[in-house]
Amino acid sequence: MKTKLSDVVIINIPNVHEKRGKLAVLEKEILPFGINRVYYLYDVPSDAFRGGHAHKEQESLLIALSGSFDVIVDDGWNRKIISLNKPKKGLLIPKGIWREIENFSAGAVCLVLASTVYNENEYIRDYKKFKLFKGS
Ligand code: TYD
């Protein structure tokens, strides 16, 4: 799996900004994958760690719909932390990237648009196995 940290990118979600408020729109041209599942994390305690896994197949887009949190992404060689705190920014995570999510603010909501339906068999939840998978 050749995906690298440079494949993890922020997508600017087009939005309509009016005095009445803002409206963000994600149409299919924006994403490199079709959406097969939507889930969201909410009521997350500030000291909780989420994620801690990689996917063999799934690609995903993470959006801080409300509040903020930090996403640690790791390609087996390098890692970086990306703070998400704007509903108009989406973090695109391709397959084969380890991710951890932490430092949730009060009321934070993490929306995940995923390319696959839930399948535990395509998760890698052990970091050592992830390194083997990547050959790193
Ligand atoms: P997990 O993948 O550990 O969540 P996170 O990566 O946010 O820490 O999932 C937590 C639990 O929820 C686990 O028992 C699997 C289950 N789950 C589903 O049933 N369907 C889903 O779509 C997801 C993402 C998780």
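Just checking, does region 102-112 include any residue being in contact (Cβ under 8 Å) with a residue 40 or more places away in the chain, over 26 Å from Asn15 (Cα atoms) and part of a strand (DSSP E or B)? Scanning region 102-112 turns up at least one residue that is in contact (Cβ under 8 Å) with a residue 40 or more places away in the chain, over 26 Å from Asn15 (Cα atoms) and part of a strand (DSSP E or B). Against the list (1) within 16 Å of the ligand (Cβ to nearest atom); (2) open to solvent by 50 Å² or more (accessible area, probe 1.4 Å); (3) in contact (Cβ under 8 Å) with a residue 40 or more places away in the chain, the condition Tyr123 fails is (2). Close Cβ contacts (under 6 Å, 6 or more residues apart or on different chains) running from residues in region 54-80 that are on the phi > 0 side of the Ramachandran plot to residues that are open to solvent by less than 40 Å² (accessible area, probe 1.4 Å) comprise Gly67/Ser105; Gly67/Ala108; Gly76/Lys134. Residue by residue through region 16-39, note down the ones that are part of a strand (DSSP E or B) and surrounded by 13 or more Cβ atoms within 10 Å (Cβ to Cβ). Of everything in region 16-39, those that are part of a strand (DSSP E or B) and surrounded by 13 or more Cβ atoms within 10 Å (Cβ to Cβ) turn out to be Ala24, Arg37. Determine if region 51-64 includes at least one residue that is open to solvent by less than 40 Å² (accessible area, probe 1.4 Å), in a loop (DSSP other than H, G, I, E, B) and closer than 29 Å to Lys22 by Cα. No, region 51-64 contains no residue that is open to solvent by less than 40 Å² (accessible area, probe 1.4 Å), in a loop (DSSP other than H, G, I, E, B) and closer than 29 Å to Lys22 by Cα.
Looking across region 80-101, the residues that are closer than 20 Å to Phe33 by Cα and not in a loop (DSSP other than H, G, I, E, B) come down to Lys89, Gly90, Leu91, Leu92, Ile93, Trp98, Arg99.
Checking the structure you have, find out if any residue of region 88-99 is more than 16 Å from the ligand (Cβ to nearest atom) and either open to solvent by 80 Å² or more (accessible area, probe 1.4 Å) or more than 28 Å from Lys131 (Cβ to Cβ) (or both). Yes: one or more hits. Among the residues of region 91-108, just one is β-branched (Val, Ile, Thr) and within 10 Å of Leu62 (Cα to Cα), namely Ile93. In this structure, Gly107 does not qualify as on the phi > 0 side of the Ramachandran plot, surrounded by 17 or more Cβ atoms within 10 Å (Cβ to Cβ) and in contact with a strand residue (DSSP E or B) (Cβ under 9 Å, 6 or more places away or on another chain). Among the residues of region 127-136, those identified as within 17 Å of Val73 (Cβ to Cβ) and at pLDDT 95 or above are Tyr127, Phe130, Lys131, Phe133, Lys134.
Among the conditions (1) at pLDDT below 95; (2) open to solvent by less than 80 Å² (accessible area, probe 1.4 Å), the only one that Lys2 does not satisfy is (2).
The values are calculated or read from the model by the stated rules, or taken from the named source; none is laboratory data. On a predicted model such as this, the values are computed, not experimentally measured, just so you know. A quick note on method: Cβ atoms are made from the backbone with ideal geometry, for glycine too, and the neighbour counts reach across all protein chains shown. What goes into the accessible areas is simple: the full protein's heavy atoms, side chains included, and nothing from ligands, DNA or RNA. Shrake-Rupley method; radii C 1.70, N 1.55, O 1.52, S 1.80 Å.
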